[in-house]
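Undergrad: Please find one structure pasted underneath; my questions will follow.
The values are calculated or read from the model by the stated rules, or taken from the named source; none is laboratory data. Remember, predicted model here, so these are calculated numbers, not experimental data. Cβ placement follows ideal geometry from the backbone for every residue including glycine, while neighbour counts extend to all protein chains displayed.
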């Protein structure tokens, strides 16, 4: 993954939910150039940030052994723009898990104000279908999770720290 649209995990409970934050900054080119004269974080990147949180929530549920990808945005409702200086608070809840994928609901707030509501569906790629091999290079996913403080807050359903999975 080249770009992170989540700055930090603030809470993670395996099989249940994940919370994170994204700081909107004018020094990000996409914020400055998306809508000239009115800098804002593009809504598609808000969706991507929530998808990153949700994808990690779903992937961790399977000990990072399945190749999980965003398959569909079921609903995306935005209530206001995210502008420089805003801090988005993302909350993602796992709704259902199946052999072929999973669904999550997510909400974003700016302070106490509701910013967006998004429903996401994830699919698991079968080996040899669409892509061969892992989605990340050796150690890349673990490095990304460390940068976003995943291991600082991630716990299993009993409140124990999640393990450092072998296939990261």
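Undergrad: Please find, among 159, 128, the residue that is more than 14 Å from the chain's Cα centre (by Cα), outside any helix (DSSP H, G or I), surrounded by fewer than 19 Cβ atoms within 10 Å (Cβ to Cβ) and modelled with pLDDT of 95 or more.
TA: 159
Undergrad: Restricting attention to strands (runs of 3 or more DSSP E) lying wholly within the stretch 14-98, give those where 2 or more residues are without any contact (Cβ under 8 Å) to a residue 60 or more places away in the chain.
TA: In the stretch 14-98, 67-78, 87-97 are the strands (runs of 3 or more DSSP E) which contain 2 or more residues that are without any contact (Cβ under 8 Å) to a residue 60 or more places away in the chain.
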